[in-house]
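Read through the structure below, which is laid out as structure tokens, and then see the notes.
The values are calculated or read from the model by the stated rules, or taken from the named source; none is laboratory data. The structure presented is a predicted model; accordingly, all values stated were derived computationally and were not measured. As a convention, Cβ positions derive from the backbone with ideal geometry for all residues, glycine included, and neighbour counts pool all protein chains shown.
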Amino acid sequence: MMIKHGRPDPEGWTLELGPGTGVITEELIRSGIPQERLVCVEFEQHFYDLLKKRFPRVNLIRGDAFDLQNTLGEFADTKFSAVLSGVPVLLISEEKRRRFIEDCLSRVRPGGNLTQLSYSFTSPQKSVPGSFTVEKSPWVAFNLPPGRVWIFEKEAA
Ligand SMILES: C[S@@+](CC[C@H](N)C(=O)[O-])C[C@H]1O[C@@H](n2cnc3c(N)ncnc32)[C@H](O)[C@@H]1O
């Protein structure tokens, strides 16, 4: 679902935030994204260690997805074809959430988007006129708990 809506480009760069055990990472690779073209940011050491073993050629960074400018290091100026996020955004303040979405969208190339996984019925963040829009995917019923992907795009100038 995230890959369908994120439309990552195998010839561009893809950013995954909060990969956890690597379910989406594996799907990205299976869909044709080369490991070398994938940048993943994971906060927790045990997930980082697990991912390093599973995907040795992925550009894996242990750090905070809410501080991408510092976390991304050599990829801080990279324009990504898509950003896919599994980081929990419902637990942070609305202000921080909005800054996070705008930060992610500033890192996608034209036509790219941010897909955010969420288990809430309503969008974790409303559209912000002049900045970004949000759309929802259908429910992913086979996911436990059932989830949904929210698709954020920069508002056209
Ligand atoms: C809901 S899980 C993602 C599930 C993942 N798609 C999977 O299949 O395992 C959220 C992940 O985001 C990570 N995370 C939480 N806060 C983070 C942050 N600020 N920066 C980076 N990763 C974070 C967690 O450690 C966890 O791995």
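Here are the numbers for this structure:
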{"read-out": "Residue within region 52-61 that is closer than 17 Å to Leu105 by Cα and either near the ligand (Cβ under 9 Å from one of its atoms) or not in a helix (DSSP H, G or I) (or both) present", "value": "no"}
{"read-out": "Residue, farthest from the ligand (Cβ to nearest atom), within region 88-118, restricted to residues that are buried (at least 20 other Cβ atoms within 10 Å of the Cβ), under 22 Å from Asp9 (Cβ atoms) and among the hydrophobic types (A, V, I, L, M, F, W, C)", "value": "Val108"}
{"read-out": "Given (1) in a helix (DSSP H, G or I); (2) in contact with a Phe, Trp or Tyr (Cβ under 7 Å, 6 or more places away or on another chain), number of the condition Thr21 does not satisfy", "value": "(1)"}
{"read-out": "Given (1) buried (at least 18 other Cβ atoms within 10 Å of the Cβ); (2) among the aromatic types (Phe, Trp, Tyr); (3) near the ligand (Cβ under 8 Å from one of its atoms), number of the condition Phe43 does not satisfy", "value": "(1)"}
{"read-out": "Residues that are at pLDDT below 90 and surrounded by 13 or more Cβ atoms within 10 Å (Cβ to Cβ), drawn from region 120-134", "value": "Ser123, Pro124, Gln125"}
{"read-out": "Residue selected from region 72-81 under the condition out of contact with any Phe, Trp or Tyr (no Cβ under 9 Å at 6 or more places or on another chain) and not in a loop (DSSP other than H, G, I, E, B), by the criterion surrounded by the most Cβ atoms within 10 Å (Cβ to Cβ)", "value": "Gly73"}
